[in-house]
Every structure is written in structure tokens, then in C-alpha cells.
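The values are calculated or read from the model by the stated rules, or taken from the named source; none is laboratory data. Computed from a prediction, not measured in an experiment: that's the story for all the values here. Here the Cβ positions follow ideal geometry from the backbone for every residue, glycine too, while neighbour counts run over all protein chains shown. Areas reflect the complete protein model, heavy atoms only, side chains present, ligands, DNA and RNA absent. Shrake-Rupley method; radii C 1.70, N 1.55, O 1.52, S 1.80 Å.
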Amino acid sequence: MTSAPDIDVRPITEPEFADWHRAMNIGFLREPTLTEEQLAAREAWFVPGRVLGAFDGGRCVATFRSFDQQVTAVGGAAVPADAVTNVTVSPTHRRRGLLSRMMSHDLAAAKERGDVVATLIAAEYPIYGRYGFGPATSMAEWTIDVPRTGLDPRWSGPEDGGRIDLVDAPDVRKFGPELHDRLRRTQPGAVSRDDRFWQATTGAIRYFSTFAEPHYAAYRSPSGEVEGLVAYTADDNWGGTSQPQNTVTVKWLIGVTPAAERALWHYLCSIDWVVKVKSGPRAPDDLLPHLLPDPRAARLTSQADWMWVRILDVVRALQARTYESAGSLVLDVVDGGGRYRLEADAGGAGTCAATTADADLSLTLSDLATLWLGDESAVRLAALGRVREERAGAARVADALLRTSRRPWCPDLF
């Protein structure tokens, strides 16, 4: 067994990209070798210094990649982020500190660039807390029993004067970016999407060997403006009884108004032969169940943590967001190198600065990240022993400041 110091951890060079991908695929239990077309599609992923690998005897045995991202803070500010993805360690090289070395390298570079936070989607829960990441958003999935919804099976369109149009991939690439940006500006936890996202989601570029072209539908408001888009697939299930029992699976659905969401979900439930609709990952407080006459027709089938955040700059992170009430709080970030006073005014603006004042709350970077987007309660964390009140009642003050009326949500997997 090669000793850990003898394994070379470093940014890869462009000629090593194919070997790096082989290691990543092995880590994710996919076919090891990419086709030339797939490799060419992923060439844009290669940014010098942002693709890391661990090499043992010339073979890549661990992978790590990051890219520029923006995260929407509470109140709508776009915060520069270091998005972490493609993290693997080959099964032959586990428990040798390779991930720690790659993570340390990447987070140091992110701080140097001036990123405020780092983000990732955690495949497994226990891994990332030790690097200061905390779960900051969650997701829920529903399965709709269409016959039970109470919707009129003769439904012929939105009742608000809008309309549903079937559209094609070029239309999605035309309308999608602007529509997503409208959603992102109002949705804490949402992240930016570059042009490659829209190319990949519509099949213009293909990262994987299989691509099932989805159906697309758009909602237009009574004024003719596109306010919603959905991409979905359907199976072909006749249940052995010569009766269609098909399921629609939503890949993604964007609605920038409640009317758009309502119209698109009602449209999906109106498709002939469809008896179930799977929502795909949605916000944990999504309107979906209550957009149906019978909310029990939407059965919760999955819920989990989703995007994790690591605070890189406490002052800038806390000043980037808005607050629900006026107040003051001194936070002792026990593993974040300091104590900070947060002051919020009646208008929701916050200021943050280092202080030597006595702390109101003591907590870790991981738990600060969990509170940052407003999804978690400091009172709950105190009950769990993860936040310590240094002043009685401080956790309730934190909740009054930090929690939000709607829960944060990241619509993306990255």
C-alpha cells in the first residue's frame, strides 16, 4: 500500500482529463471509459487549477472539481460561491486523507478568490460536516394520484385566461435562462445556471451515453408572457390489463408565479393515460399539494437534506442577507476564528463586524451555515446540543432574526 504522503494530490493537466474521468466514474460506479463524444462535451469543465486529482504511480485515484457559482441569499442578493462537485476516492485508496487534502487546497483557493461561501450536494450525510459544511436547504418529492385529485378530467386549460403551449428544445434554450433568473432573484438557496446547463438539459450536448428527450410545456400569462416551463418524461405501462397506467416524471418545473405553478401541475394531471405524476425534487414547503382540490392526492414520497453550505467569510455572508426583524446578536464561531456582532435594523439590513463582546450564542461554522439561509431553528439546534446559549433566550432572538417565512430551496443538482 502506498503511503499517503507519496500520493501526489494536485491540479490536473488537460492531457490527464480522460484518466481523471475514469477515476470519477469508478468512484460513482459508472462505466469507467467515456466515449470521445462524451469527453469532448466535458472539455468545458476543465478550468486550470479547479480540477484536482490524486495520483498513485501515475494513475488517478481520487477526483475533485469546483466551479464559479452564485447563490441567492435571503433578500435576493447574489453571493459568489465555490461550487464543489465530482468528489470521489477510489475504493482502493479510502481512509488516506485524500479528500481532506483536496478540500483544503480548494477552500484555500476559494478564500483567496474572495468567494463568500462554498456549496455542494452531499451524496452521503456524514462526510462534509468535518470540513465546516452544513445542510442549508432541503427538498421533498411527491407522487400525485391523478384520479384522486378532484380535478375535472375534461380540463382544457388554465382558468385565469393564460394558456399552456407545447414547446421544443430551442424554445427552452430561449426562454429558460431568463425565467430561471427571475426565479433565482426571489428564491433563497437558488443557484446560477450557465449556458451549459441549458445545452445539457435539452440534449444539445450530452455528458452521458443515454439521453431521454423530455417533453416540454410552457405557461403563458393572459398577457402572453412566459411565466412557467416544465420538462417531463412518461413511461409506457399498460399494467397487463389493456388499460393505460402511465406515470409522468417531472425533470424540472419553473414557475415564477403561483398561477404558473398551478397551471403546469394541472396540465400534467390532465394528460390522457396518466394516472401518476412524480414531482421530482421540490421545495420542502412547495405549494403543490394545495394546488389540487384534494391535497391528499399528492403523497410525500421522499424528503432529505439537499444543498450544503460552508461559510468562507462570516462578515460578508451575514451582511449579504436580510433579516426578519430588528435586533442584535453576538456569535462566537468556535471553529471559524472569531466572534462577531450581527446588527439588523427595522428595514431588514444587517451589519456584521468582529467584536470582543461577550457571546450570546456559541456555534460551529457548520451550524452557522445551517442557519444562514433561514431553514433551521437555533432553538432546535440548542435542544440538540449543537448551539450553546451563552445568554438565556439568545436562540429565540436568533430565530426571530434569521428564520424566513418561506423555506430556502435549491432547484439544482450539481
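Determine by what factor the alpha-carbon radius of gyration of segment 61-215 differs from 2.2 N^0.38 Å, reporting the quotient. The partial results should precede the final answer.
Numbers: Rg = 20.2 Å, N = 155, 2.2 N^0.38 = 15.0 Å.
Working it through for segment 61-215, the quotient is 1.35.
Normalised by the number of residues in the chain, the mean separation of alpha-carbon contacts (under 8 Å, six or more apart) gives a relative contact order of 18 percent. Debye calculation, C-alpha points only, no solvent: report log10 I(q)/I(0) for the chain at q = 0.09, 0.10, 0.11 Å⁻¹, in the same order as the q values. Values returned for q = 0.09, 0.10, 0.11 Å⁻¹ are -0.64, -0.79, -0.94. Based on protein heavy atoms only, segment 184-312 ends up with 45 Å² per residue of surface accessible to a 1.4 Å probe. Normalised Debye scattering of segment 272-389 at q = 0.11, 0.18 Å⁻¹ gives log10 I(q)/I(0) of -0.51, -0.95, counting only Cα atoms as equal scatterers and leaving out solvent.
Under 37 °C and 0.692 mPa s, how fast does segment 20-106 diffuse according to Stokes-Einstein, given a Kirkwood radius computed over C-alpha pairs? Answer in µm²/s, whole number. Using the Kirkwood radius from Cα pairs, D works out to 230 µm²/s. Based on C-alpha pairs under 8 angstrom that are at least 6 apart in sequence, segment 1-51 has a relative contact order of 42 percent. Counting charges near Ile144 (Lys, Arg +1; Asp, Glu -1) among other residues having Cβ under 14 Å from its Cβ returns a value of +2. Spin-label model, Ala109/Arg406: points 7 Å from Cα along the beta carbon direction are separated by 3.6 nm.
Quick check: with the 1.4 Å probe, what order do Arg185, Arg339 take by accessible area, largest first? Numbers along the way, then the final one.
Details: Arg185 145, Arg339 75 Å².
Order by accessible area, largest first: Arg185, Arg339.
Per residue, segment 35-91 exposes 35 Å² of solvent-accessible protein surface, assessed with a 1.4 angstrom probe and all protein chains in place. Summary of the geometry: segment 124-140 and segment 170-231, compared by the centres of their Cα atoms, lie 27 Å apart.
Among 114-120, 137-143, how do they line up by average Cβ neighbours within 10 Å per residue, starting with the highest?
Working: 114-120: 23.0, 137-143: 21.1.
Ranked by mean Cβ neighbours within 10 Å, highest first: 114-120, 137-143.
Figure legend: label point modelled 7 angstrom from the Cα of Asp152 along Cα→Cβ; residues of segment 255-289 with amide N under 20 Å from it are 259-274. The C-alpha atoms of segment 143-232 occupy a region whose extents along the principal axes are 40, 31, 26 Å, arranged from largest to smallest.
Net charge in the neighbourhood of Phe211 (other residues with Cβ under 13 Å of its Cβ; Lys, Arg +1, Asp, Glu -1) is 0. All Cα-Cα distances of segment 1-146, cut into 10 Å bins from zero to the largest, leave 10, 37, 33, 15, 4, 1 percent in each bin in turn.
First compute the accessible area of the chain with a 1.4 Å probe, then give the percent of it belonging to carbon and sulfur atoms. Each step should come with its number before you reach the end.
Values: 9470 of 19170 Å².
Of all accessible area on the chain, carbon and sulfur atoms account for 49 percent.
Based on DSSP H runs of at least 4 residues, each adding -39500 (n - 2.57), what is the mean residue ellipticity at 222 nm of the chain after dividing by all its residues, to the nearest 500 deg cm²/dmol? Counting only the DSSP helices, I get -7000 deg cm²/dmol.
Only protein heavy atoms count here; on that basis, with a 1.4 Å probe, Tyr219 has an accessible area of about 0 Å².
Could you work out the local net charge near Ala382, counting Lys and Arg as +1, Asp and Glu as -1, over the other residues with Cβ closer than 9 Å to its Cβ?
Details: positive: Arg380, Arg386, Arg388; negative: Glu389.
The answer is +2.
Near Val74, the amide H atoms lying under 5 Å from its own belong to Thr322; only residues 5 or more places off or on other chains count, and H is placed 1.01 Å from N. Modelled spin labels at Ala354 and Arg196, positioned 7 Å past Cα toward Cβ, are 3.7 nm from each other.
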